[in-house]
């Protein structure tokens, strides 16, 4: 006979419910303000369409770049010993806790038009990152890639490496082991990291507005459009906010099995 867990103290339940209200209360207030009769027309305005298009293009591009760079970085952090490894990991994780505006300012100083790297890039390729669509992509890569790195590094560190050893003992080369054994074994975590990276890129605000500006059709993503709409059209701001909440909630629900069991 399975024993039921003991009932938690009443005070603990009350505090837990209050903790949930901290999250559910603002969302309830947002849903209550949605102009449902005008929702379709609000989401079809040129400003919203431009912002949604740019958000999708930039976030997908940022996710592709973050995956191409973050997967090898996660592998190095998980499997290779090198000097200053802890400091390297701390720097990689820094955007998770760094104020996004500070990240945008750092990007502006590092690869802005007047920085040595920015001047070299502009003179050799004609590419100017600040206040451009590519600047949006760069800002999103900076703030979102740590989500992929930390997820994949954890999966690599926790997987059973004996399978890789068996494959190597049977004559498989390092690239074959990586492609046929390692990547398939961490595929669920890699997929979760990619989706989290995309969702974080979609929601990026501070680094984007600081580094890329807020130009409709060029750098104005959905979060920036919400910021502008709050000053001119509250209904549009609510509709855009609802759209982003729905996307974020869908991502979390879809990934729930990676962190907790559905009950």
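Report the residue count in segment 186-213 for those that are without any contact (Cβ under 8 Å) to a residue 40 or more places away in the chain and surrounded by 17 or more Cβ atoms within 10 Å (Cβ to Cβ).
Looking only at segment 186-213, we keep the residues that are without any contact (Cβ under 8 Å) to a residue 40 or more places away in the chain, and these are 186-187, 191.
Subset that is surrounded by 17 or more Cβ atoms within 10 Å (Cβ to Cβ): 186.
Here the count works out to 1.
I'm trying to understand the selection: among the residues of segment 226-241, which are over 18 Å from residue 54 (Cα atoms) and surrounded by 14 or more Cβ atoms within 10 Å (Cβ to Cβ)? Working first, answer last.
To start, the set of residues in segment 226-241 that are over 18 Å from residue 54 (Cα atoms) comprises 230-235, 238.
Within segment 226-241, 230, 233, 235, 238 qualify.
Mind checking whether some residue in segment 10-24 is in contact with a helix residue (DSSP H, G or I) (Cβ under 8 Å, 6 or more places away or on another chain) and surrounded by 10 or more Cβ atoms within 10 Å (Cβ to Cβ)? Walk me through how you get there before you give the answer.
So in segment 10-24, the residues in contact with a helix residue (DSSP H, G or I) (Cβ under 8 Å, 6 or more places away or on another chain) come out as none.
No, the conditions are met nowhere in segment 10-24.
This table checks each residue for (1) under 20 Å from residue 186 (Cα atoms); (2) at pLDDT 90 or above.
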| position | (1), (2) |
| --- | --- |
| 37 | no, no |
| 45 | no, no |
| 57 | no, yes |
| 61 | no, yes |
| 72 | yes, yes |
| 75 | yes, yes |
| 83 | no, yes |
| 86 | no, yes |
| 92 | no, yes |
Matching helices (runs of 4 or more DSSP H) fully within segment 113-211 where at least 1 residues are modelled with pLDDT under 90, touching a strand residue (DSSP E or B) at 6+ places or on another chain (Cβ under 8 Å) and over 17 Å from residue 221 (Cβ atoms): none
Cross-chain or 6+ apart pairs with Cβ under 6 Å, segment 55-83 first and at negative phi, then not in a helix (DSSP H, G or I): 55/221
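The values are calculated or read from the model by the stated rules, or taken from the named source; none is laboratory data. Please read these numbers as outputs of a predicted model, since none were measured by experiment. Cβ sites come from the backbone with ideal geometry, for glycine too, and all protein chains shown count toward neighbours.
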